[in-house]
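For reference, the structure discussed in these notes is given below.
The values are calculated or read from the model by the stated rules, or taken from the named source; none is laboratory data. None of the values given here were measured: they were computed from a predicted structure. FYI the Cβ positions are ideal-geometry reconstructions off the backbone, even for glycines, and counts take in every protein chain you see.
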Amino acid sequence: MQADTVKYTKIIDRVDHLREGDSILGYDIATAENLDGSVLNAEERSVSHFVIINKIYVFPSVTKFLSETGVWVQLHRGLDVGTSLRHQTKGWFEIETLKEVVTDQPVNCSFIEVPFANLFRQGILVHNGGGGGCFPAGTLIRMADKTKKPIEDVLPGEAVLSYDLDNYLWSTSTISSTYSLKVSSLSTISFTDGSQLKVTEGHPVYGKDNTKQGWFAVSTGKASKECPGLTIVGSVLAGCQLRVFCG
């Protein structure tokens, strides 16, 4: 799916805005019960990359939705025409049209903190989590051409070096969207060669220890919440080996 460019005015009135203290409805998947609560914190972030579902619902492209199969999906990761999503009053409904758009100007959207993991926005059940953790400004990102670039300068549409876990090969991926947020703390992972990696506690990193291989995080609880589609196999502890690029 290739993103279309649309005018800022076509999106601005279709994005919901929430403030601290606003009432919000959550959902407990285990008990299938609705949860009443309120917004604990709200932050406006500039977003230019969106997905439009059935020509009605407009969400930032990083939004995760619960599919009828029980898997959390998002744009380019399982969200597609024919996927069924959960609506607050209509129950499960099928996606008939799906459009990826980029606005000609950034749109302010509210990213919120609420007392439960899942909630209804615009009537659709979404996951209350970030994009899977963050790196601080200044972190160098390896681009597809092997050069390095500060993370804050990486833009949508640019190609970065990635790793294909299915085929165990280095490959390239295209950045679909970027966003920034404020965090209260960062964790530092130190390596035997003296280098360091600063990440948020819930950021998954791929590696292995003496008994298992897969996705690790400083905080397994936060990583599982922020990345519901990943299986977090353990905490990052001394002795873990992480997958790195040499060259």
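Details
- Considering segment 96-121, the residues that are within 27 Å of L35 (Cβ to Cβ), touching a Leu at 6+ places or on another chain (Cβ under 8 Å) and among the hydrophobic types (A, V, I, L, M, F, W, C) include one that is surrounded by the most Cβ atoms within 10 Å (Cβ to Cβ), namely L119.
- Scanning segment 67-86 for residues that are crowded, with 16+ Cβ neighbours inside 10 Å and at pLDDT 90 or above returns S67, L79, T83, L85, R86.
- Unique residue being among the small types (G, A, S) and exposed (fewer than 15 other Cβ atoms within 10 Å of the Cβ) when the list is A3, A30, A42: A30
- Test for W215: is it at pLDDT 85 or above, closer than 23 Å to A117 by Cβ, not assigned by TED's automatic domain parsing to the domain that holds V102 and not in a loop (DSSP other than H, G, I, E, B): yes
- Of the listed requirements (1) under 30 Å from D104 (Cα atoms); (2) in contact with a strand residue (DSSP E or B) (Cβ under 6 Å, 6 or more places away or on another chain); (3) among the hydroxyl-bearing types (S, T, Y), T9 misses just one: (2).
- Within segment 202-229, being touching a strand residue (DSSP E or B) at 6+ places or on another chain (Cβ under 7 Å) and without any contact (Cβ under 8 Å) to a residue 40 or more places away in the chain holds for V205, G207, K208, D209, K212, G214, W215, F216, V218, T220, S224.
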